[in-house]
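Below is one structure, written out as structure tokens, with a few remarks after it.
Values in this text are rule-based calculations from the coordinates and carry no lab data. Computed from a predicted model, the values in this text were never measured in an experiment. Here the Cβ positions follow ideal geometry from the backbone for every residue, glycine too, while neighbour counts run over all protein chains shown.
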Amino acid sequence: MAALLTLAQRKGFVLQGKTIGVVGVGNVGSKVVRNAKALGMIVLQNDPPLFRATGNSHFVPLDDLMDADFITLHVPLTTTGMDRTYHLFDAKRIGTMKKGAILINTARGNVVDSTALRDALDRRHLGGSVLDVWEGEPAIDVELLKKIDIATSHIAGYSFDGKLAAVKMMYAAACKFFGQAPNWTPEKCLPKPRVERIVASETGDSREETLRKIINQCYDIECDDRSLRGISTVPGDGVRSYFARLRAEYGVRREFYNTTIELPAALASMEVVVKSLGFSVVNR
């Protein structure tokens, strides 16, 4: 959502009324669906395994997403089977996307054919791209990086809370395996969020720009983008270690639910989307 709002601000468009195709509607994709709807976007959902399991009519074929203004990928990487996702977006698939559309990949690097993406950007068939994941990590394609609108170093899921959740799952599994009762409770020693409380005020900004500024106080995606672009200054054999170091030394980033937003009456209409993003909200 930080990437979408940043692109809107940079390129001078509004997200409300735009169409976004969400490929993969699991834990992450379903949250994107919820948030995009809260922003007033038209949402198309594609998830063949879920469609077969549920029969829900809101899941549509991948071809039906090709006229969307944005396509965002949230699938696992699979190389075999009927739902194979390796190079799911190859030259042929990218070529069927709407001219000027923006492709976002925060799933796995090999879901997108990097050469095909670079070519589509060079030909201006695509209007832009956002990548958090890369083919060949950590030896990423630096020339492709130069063409991407927003680029991050595989840290979309690297919030402190996300990493802690993974550690807790491993801890619980280890305790179960060894027959021990869990007694570790890390919540009391968690670091504070970057911002604990934001007092929103009516400034004359649009609803989306106000939301972008709120998010930016908690998570500055452009800072992560600048950090990765520094990779272009290192020698070829240093690309791997630079990318790996960005991930290994990534700072503390807390999830939005750790921050409370104070909304004045004039911004009360934003409560739904602010809560959808996970923030706590109080009205004043």
Charge context of Ala165, other residues only, Cβ under 15 angstrom, K/R +1, D/E -1 = +2
Nearest 20 debye, what's the magnitude of the dipole of the range 197-283 about its Cα centre given +1 on Lys and Arg Cβ and -1 on Asp and Glu Cβ?
-> 320 debye
Given the chain, longest segment not containing exposed loop GluC sites (Glu not before Pro) (DSSP; at most 12 other Cβ within 10 Å) | 1-195
Please name which of Tyr257, Asn46, Ile94 has its Cα lying farthest along the dipole of the chain towards the positive end, using unit charges on Cβ (Lys, Arg +1; Asp, Glu -1) and the Cα centre as origin.
-> Tyr257
Hey, got the dipole for the chain? About the Cα centre, +1 on K and R Cβ, -1 on D and E Cβ, debye to the nearest 20?
-> 380 debye
Selected from Phe51, Phe59, Phe177 as most flexible by GNM, with the chain as the system and alpha-carbon contacts under 10 Å = Phe177
Highest GNM mean-square fluctuation, the chain, Cα pairs closer than 10 Å: which of Gly100, Gly24, Gly55?
-> Gly55
Residues in the range 143-171 reached by a label modelled at Ala181 [backbone nitrogen below 19 Å; 7 Å Cα→Cβ] | 171
Would you work out the relative contact order for the chain, in percent, from Cα pairs under 8 angstrom that are 6 or more residues apart?
-> 16 percent
So, relative contact order of the range 2-151 in percent, Cα under 8 Å, 6 or more apart, is 18 percent
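Please compute one quarter of the surface area of the Cα convex hull for the range 138-204 and express it in square nanometres. Intermediate results must be reported in sequence, preceding the final value.
Numbers: hull surface 36.9 nm².
If I average the Cα hull's projected area over directions, I get 9.2 nm².
With Rg and the Kirkwood Rh both taken from Cα atoms, where does Rg over Rh land for the range 122-249?
A ratio of 1.08.
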Under a no-solvent Debye model with one identical scatterer per Cα of the range 197-283, what's log10 I(q)/I(0) at q = 0.13, 0.18, 0.19, 0.24 Å⁻¹?
-> -0.55, -0.78, -0.83, -1.13
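From the Cα gyration tensor of the range 182-235, with a ≥ b ≥ c the square roots of its eigenvalues, which class applies: rounded if a/c is under 1.5, or else prolate if a/b is larger than b/c, or else oblate?
Details: a/c = 3.74, a/b = 1.06, b/c = 3.53.
It is oblate, given that a/c is not under 1.5 and a/b is not larger than b/c.
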Spacing of the two label points (7 Å from each Cα toward its C-beta) at Ser57 and Tyr257, in nm = 3.3 nm
For the range 272-280, take each phi angle, set θ = phi - 60°, evaluate the Karplus expression 6.51 cos²θ - 1.76 cosθ + 1.60, and give the result in whole Hz per residue in order, putting x for glycine and proline.
-> 4, 6, 5, 5, 4, 6, x, 5, 7
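Contour minus end-to-end for Asn283 and Asn27, with contour as 0.36 nm per residue of separation and end-to-end as the Cα-Cα distance? Walk me through the numbers on the way to the answer.
Details: separation 256, 0.36 × 256 = 92.16 nm, distance 2.94 nm.
Contour length minus the Cα-Cα distance gives 89.2 nm.
For Cα pairs less than 8 Å apart in space and 6+ apart in sequence, what is the mean separation divided by the residue count of the range 73-187, i.e. the relative contact order in percent?
Values: 144 pairs, mean separation 22.7, N = 115.
Taking the mean separation of contacting Cα pairs over the length of the range 73-187, I get 20 percent.
Please grab the % of Cα pairs in the range 2-151 that end up more than 21 Å from each other. Mind showing how you got there, number by number?
Numbers: 4453 of 11175 pairs.
Across the range 2-151, Cα pairs with separations above 21 Å total 40 percent.
Please identify the trypsin sites (Lys or Arg not before Pro) of the range 127-219 that satisfy two criteria: DSSP loop assignment and at most 13 other Cβ atoms within 10 Å. Which are they? Spell out each step's value before the answer.
Numbers: sites: Lys146, Lys147, Lys163, Lys168, Lys176, Lys188, Arg194, Arg197, Arg207, Arg212, Lys213; in loops: Lys146, Lys147, Arg194.
Sites meeting the loop and neighbour criteria: Lys146.
Quick one: net charge around Val281, please, counting Lys, Arg +1 and Asp, Glu -1 for every other residue with C-beta under 13 Å from its C-beta.
Details: positive: Arg197, Lys275, Arg284; negative: Glu262, Glu271.
Local charge sum for Val281: +1.
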Across the chain, how large is the tail of the calculated P(r) beyond 27 Å, expressed as a percent of all Cα pairs?
-> 46 percent
Count charges around Phe256 for me, please; just the other residues with Cβ under 15 Å from its Cβ, Lys/Arg as +1, Asp/Glu as -1.
-> +4
Förster radius 30 Å - calculated FRET efficiency between Asp237 and His125 (Cβ-Cβ, nearest 0.05) | 0.35
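Determine the alpha carbon to alpha carbon distance for each of Lys18/Lys275; Lys192/Lys275; Lys92/Lys146; Lys99/Lys146; Lys163/Lys188 and list only those over 18 Å. Can you show the working numbers first?
Values: Lys18/Lys275 21 Å; Lys192/Lys275 20 Å; Lys92/Lys146 23 Å; Lys99/Lys146 20 Å; Lys163/Lys188 16 Å.
Long pairs (Cα-Cα over 18 Å): Lys18/Lys275; Lys192/Lys275; Lys92/Lys146; Lys99/Lys146.
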Taking amide hydrogens as modeled 1.01 Å from N in the peptide plane, which residues meet the under 5 Å criterion relative to Ile198, leaving out close sequence neighbours?
-> Thr260, Ile261, Glu262
